[in-house]
Amino acid sequence: MSFKIVPSMTVIAATEFLTVQEIGTWGEKLTPIMMAELERYGLTTTGPWLFISYGRDGDPSRRFRHDYCVPVSNPDRYRGAFQVRTLDPFPCFFSLHKGALSEESLRAGYGGVVEAITQAGREFSGESREVWHGWTSADSTANSFEIQIGVK
């Protein structure tokens, strides 16, 4: 696990209040709609999709704010239904996760980052991000995303 500060970026975002189990279902619904909006308004993406959670604590029944975000370079063109937001710089500990999205592998991935933060004596900010570099399906070994957990 390593520490970094992710630079500020502007995104198109959709916000939902979900449980952990609902993230994928909503993502499947929102992705084609957001992709169509990007094309319709001629927006240029500047990085991979981000899933941002606020207050996610591992309790599977707890609802929390979850944002589906696409970084863009020309948000002034956008007049659609989604939010245009500028994300602040994000100090975080992170790890690259590769493979299927089993409960066991995700627990290990997130747990390793949490442990690194605890060992470093840092305070959690309440924000976590997944930066998706590659997605095939929930069971695919080809998935690749960075787990980022924010610190103060």
Inset, instruction - Name the residue, out of PHE82, PHE64, PHE93, that is among the aromatic types (Phe, Trp, Tyr), closer than 17 Å to PRO7 by Cα and in contact with a helix residue (DSSP H, G or I) (Cβ under 9 Å, 6 or more places away or on another chain). - result: PHE93
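Mind listing whichever residues of the stretch 71-107 are part of a helix (DSSP H, G or I) and of a type outside the set (D, E, K, R)? Write out each step before concluding.
Taking the stretch 71-107 and keeping what is part of a helix (DSSP H, G or I), we get 75-77, 103-107.
Once the filter is applied, which keeps residues that are part of a helix (DSSP H, G or I) and of a type outside the set (D, E, K, R), the stretch 71-107 yields PRO75, SER105, LEU106.
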Inset, instruction - Run down TYR110, TYR68 and say which single residue is touching a strand residue (DSSP E or B) at 6+ places or on another chain (Cβ under 8 Å), in a helix (DSSP H, G or I), surrounded by 16 or more Cβ atoms within 10 Å (Cβ to Cβ) and of a type in the set (Ser, Thr, Tyr). - result: TYR110
Legend entry - Candidates ASP88, ASP59 - the one that is at pLDDT 95 or above, under 19 Å from SER125 (Cα atoms), open to solvent by 60 Å² or more (accessible area, probe 1.4 Å) and out of contact with any strand residue (DSSP E or B) (no Cβ under 8 Å at 6 or more places or on another chain): ASP88
Inset, instruction - Give just the number: which of (1) open to solvent by 30 Å² or more (accessible area, probe 1.4 Å); (2) within 25 Å of MET1 (Cα to Cα); (3) of a type in the set (Lys, Arg) does ARG129 not satisfy? - result: (1)
Inset, instruction - Scan the stretch 12-26 and report the pairs whose first residue is free of Cβ contacts under 8 Å to residues at least 40 places away in the same chain and whose second residue is in a strand (DSSP E or B) and crowded, with 19+ Cβ neighbours inside 10 Å, with Cβ atoms within less than 8 Å and a gap of 6+ or a chain change. - result: none
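The values are calculated or read from the model by the stated rules, or taken from the named source; none is laboratory data. Just so it is clear, the structure is predicted and the values come from calculations on it, not from any experiment. When we count neighbours, we look across all protein chains shown, and the Cβ atoms used for this are built from the backbone with ideal geometry, even at glycine. To get the accessible areas, we keep the full protein, side chains included, count just its heavy atoms, and leave off ligands, DNA and RNA. Shrake-Rupley method; radii C 1.70, N 1.55, O 1.52, S 1.80 Å.
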